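The values are calculated or read from the model by the stated rules, or taken from the named source; none is laboratory data. The structure displayed is predicted, hence computed values, not measured ones. Every residue, glycine as well, gets a Cβ built from its backbone with ideal geometry; the counts of neighbours run over all protein chains shown. Ligands, DNA and RNA are excluded from the accessible area calculation, which covers all protein heavy atoms including side chains. Shrake-Rupley method; radii C 1.70, N 1.55, O 1.52, S 1.80 Å.
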Amino acid sequence: MTAPARAPRAIGMLVPPAHGAVPSEAGAVYPEVRFLAKGLGLNAMAPDDYARVTEFVGDAAESLAAEGASVVGVMGTSLSFFQGARFNDRLTEVVASRSGRPASTMSTAIVRALQAFSPRRLAVLTAYEDDVNQLLATFLEGHGFQVAALRALKIRAVSDVASVGTGRLVEESRLAIAAADAPNALLISCGGLQTLDCVRQLEAEFRLPVVTSATAGVWDLARLAGVHTPRTGFGRLFEIA
């Protein structure tokens with residue numbers, strides 16, 4: 001008797017909201033890949049709540065590996081940069097150790113994605129309030145990027161992020177780019193923002209690379225899992241081999 005075929009190994013994602021949905025960018029860009037997600041129950045984009053939910057990261061990573069994940073990523077940008085680069089590295093180590101799989105974070109992903117374009121000056125748009133924005137600026141500058149301008153939507157509740165539409169993201173990004181005075185790239189930070197449509201619009205309008213938390217996170221994990229192939233229609237990042 002022929003043994004039943006095993007399901008293909010998947011990309012595992014630790015996502016901040018409790019409902020644990022796979023980011024829409026993942027299936028849109030990589031429809032051939034299976035994704036799994038576990039929610040961490042983050043309520044507020046604030047350091048005390050980040051600290052609370054990071055206690056659950058190891059257990060959730062172990063669970064994703066048991067379900068068949070071949071790699072595991074922390075799909076929260078501020079959740080991984082809020083205590084700096086060393087904490088981001090330690091968080092990655094915890095996920096890798098508990099899951100037994102290669103691991104990454106969204107903060108690592110945005111750095112890798114930006115480095116792919118070698119920008120010097122960044123225009124930045126975030127979903128965060130001022131305390132978290134300062135932590136992001138410090139993290140980026142520590143990796144050699146100049147934050148030439150930063151605009152923020154000033155959202156605290158995680159549940160409010162999904163309601164931000166493409167139109168607002170495009171308009172706020174335009175203001176960030178103008179304030180930065182000829183930046184080399186735009187970064188949109190917050191994994192809960194749905195950004196594929198605004199990436200298309202902004203790259204066409206300004207002829208500069210647009211990196212977002214969601215697109216960088218998905219791209220980075222697909223590369224880590226060995227399933228990335230260049231593809232068009234989703235922004236410059238996904239065209240990179």
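Inspect the stretch 201-208 for any residue being open to solvent by 30 Å² or more (accessible area, probe 1.4 Å), without any contact (Cβ under 8 Å) to a residue 40 or more places away in the chain and of a type in the set (K, R) and give the result as yes or no. For the stretch 201-208, residues open to solvent by 30 Å² or more (accessible area, probe 1.4 Å), without any contact (Cβ under 8 Å) to a residue 40 or more places away in the chain and of a type in the set (K, R): present.
Looking for whichever is open to solvent by less than 10 Å² (accessible area, probe 1.4 Å), touching a residue at least 60 places away in the same chain (Cβ under 8 Å) and in contact with a Pro (Cβ under 8 Å, 6 or more places away or on another chain) here; the options are L186, L224, L193. Which one fits?
Values: L224 fails: open to solvent by less than 10 Å² (accessible area, probe 1.4 Å); L193 fails: in contact with a Pro (Cβ under 8 Å, 6 or more places away or on another chain).
Matching residue, one of L186, L224, L193: L186.
Being within 16 Å of V22 (Cβ to Cβ) and modelled with pLDDT of 95 or more: is that true of V71 here? Yes: the conditions hold for V71. Of all residues in the stretch 174-217, those that are in contact with a Cys (Cβ under 9 Å, 6 or more places away or on another chain) and either more than 12 Å from V124 (Cβ to Cβ) or assigned to a loop (DSSP other than H, G, I, E, B) (or both) total 1. Reported count of residues in the stretch 22-52, each being assigned to a loop (DSSP other than H, G, I, E, B) and open to solvent by 50 Å² or more (accessible area, probe 1.4 Å), is 5. Report yes if G39 is in contact with a Pro (Cβ under 9 Å, 6 or more places away or on another chain), more than 27 Å from A176 (Cα to Cα), modelled with pLDDT of 95 or more and not hydrophobic (A, V, I, L, M, F, W, C), otherwise no. Considered against the rule, which asks whether it is in contact with a Pro (Cβ under 9 Å, 6 or more places away or on another chain), more than 27 Å from A176 (Cα to Cα), modelled with pLDDT of 95 or more and not hydrophobic (A, V, I, L, M, F, W, C), G39 comes out as yes.
Scan the strands (runs of 3 or more DSSP E) fully inside the stretch 76-173 and keep the ones with 2 or more residues being open to solvent by 40 Å² or more (accessible area, probe 1.4 Å) and without any contact (Cβ under 8 Å) to a residue 60 or more places away in the chain.
Filter on the stretch 76-173 gives 146-152.
Give me the residue from the stretch 8-21 that is touching a residue at least 40 places away in the same chain (Cβ under 8 Å) and of a type in the set (G, A, S) and, out of that set, surrounded by the fewest Cβ atoms within 10 Å (Cβ to Cβ). Only one residue tops the list, namely A10. Has the stretch 227-240 got at least one residue that is touching a residue at least 40 places away in the same chain (Cβ under 8 Å), farther than 18 Å from D130 by Cα, in contact with a strand residue (DSSP E or B) (Cβ under 8 Å, 6 or more places away or on another chain) and in a helix (DSSP H, G or I)? Yes, the conditions are met somewhere in the stretch 227-240. Considering A216, A179, the condition of being small (G, A, S) and surrounded by fewer than 22 Cβ atoms within 10 Å (Cβ to Cβ) is satisfied by A179 alone. Does the stretch 227-238 hold any residues that are crowded, with 16+ Cβ neighbours inside 10 Å and of a type in the set (D, E, K, R), and which are they? Scanning the stretch 227-238 gives a single hit, R236.
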